[in-house]
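Here the structure comes first, spelled out in structure tokens, and everything after it is commentary.
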Amino acid sequence: MSDYELGANVVVYPGTIIGPGCKILDGAVVGKQPSLSPRSTAKREPLPPAELGPGTIVSTGAIVFAGSRIGARVIVGDQACVRERCVVGDDVVIGRGSLVENDTTIGALTKIQAEAYITAYSTLEEHVFIAPCVVTTNDNYMGRTEKRHGLIKGPTIRRGARVGGGAILCPAVEIGEEAFVGAGAVVVRDVPPRAVVVGNPARRIRDVPDEELLERA
């Protein structure tokens, strides 16, 4: 008897590593190989099998690509997708319909809520909070000129930072530790640690109060 649970119509590709206590629910796909456009900037290299840590749940209709390592007790929500070469830490939540693009790192205890878009080549550290419908970007040239290939980079979101619903983060910005990005903000430059920023373009209005810091929460 296996020590994990498979729902109906699940596809698990050969070689996939499934930890004990995992659940792969109806219609989910784990270990899928990418199908790349000839003009894609993603790396073209052989991918190792996908790995699911102990107790992880891949929910209904979700997809985890080959080459990604998912930690323990992670929830990949219904119809969410984690692309290739991603590393996801323990106890992460990836909400319903969210997309984590290739070559992204997500630290432990981070929460990504429904319909968020985490672009390729992004870094989210531990305890980050991403509200619904957040959009991150990685290409200032929007697909034109060869110069862009060496400059593509997603945001870096430091430990404990929070990003409000519908916010947009421009390429390569850094959101500092414990910073707070208000709902609907458009972040075009780095945000200092503990800063609260709002608006378009986002501007600093105050600091995060002491009682909201991780060590007090």
At a Cα cut-off below 18 Å, give the aspartates and glutamates reachable from Lys32, other chains included and same-chain residues fewer than 8 away excluded. Glu45, Glu51, Asp78, Glu84, Glu101, Asp103
I want the local charge near Val11. Using Cβ-Cβ distances under 12 Å, sum +1 for each Lys or Arg and -1 for each Asp or Glu among the other residues. 0
Equivalent ellipsoid semi-axes - Cα gyration tensor, the range 1-94, angstrom: 21, 13, 12
Can you give the Rg to Rh ratio for the range 31-71, taking only C-alpha atoms and Rh from Kirkwood? 1.04
Förster radius 25 Å - calculated FRET efficiency between His149 and Ser35, Cβ distance, rounded to 0.05: 0.80
Kindly put Phe65, Phe129 in sequence by how many other C-beta atoms sit within 10 Å of each C-beta, fewest to most. Phe129, Phe65
Shape call, the chain: gyration tensor on alpha carbons, a/c limit 1.5: oblate
List Tyr13, Tyr117 from most exposed to least, where exposure is judged by having the fewest other Cβ atoms within 10 Å. Tyr13, Tyr117
Report the relative contact order of the chain, percent, no decimals, based on alpha-carbon pairs under 8 angstrom and at least 6 residues apart. 10 percent
Non-local amide H neighbours of Val64 (under 5 Å, H modeled in plane, Pro and chain starts lacking H): which ones? Val29, Val30, Gly31, Lys32, Val82
Alpha-carbon centroid distance for the pair the range 44-84 / the range 182-201, whole angstrom: 30 Å
Just how large is the dipole of the chain about the Cα centre, in debye to the nearest 20, putting +1 at every Lys and Arg Cβ and -1 at every Asp and Glu Cβ? 780 debye
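Every number in this text was worked out from the coordinates using simple rules, so none of it is lab data. Model, not experiment: these values are computed from the prediction. Heads up, the Cβs are rebuilt from the backbone with ideal geometry, glycines too, and the neighbour counts pull from every protein chain shown.
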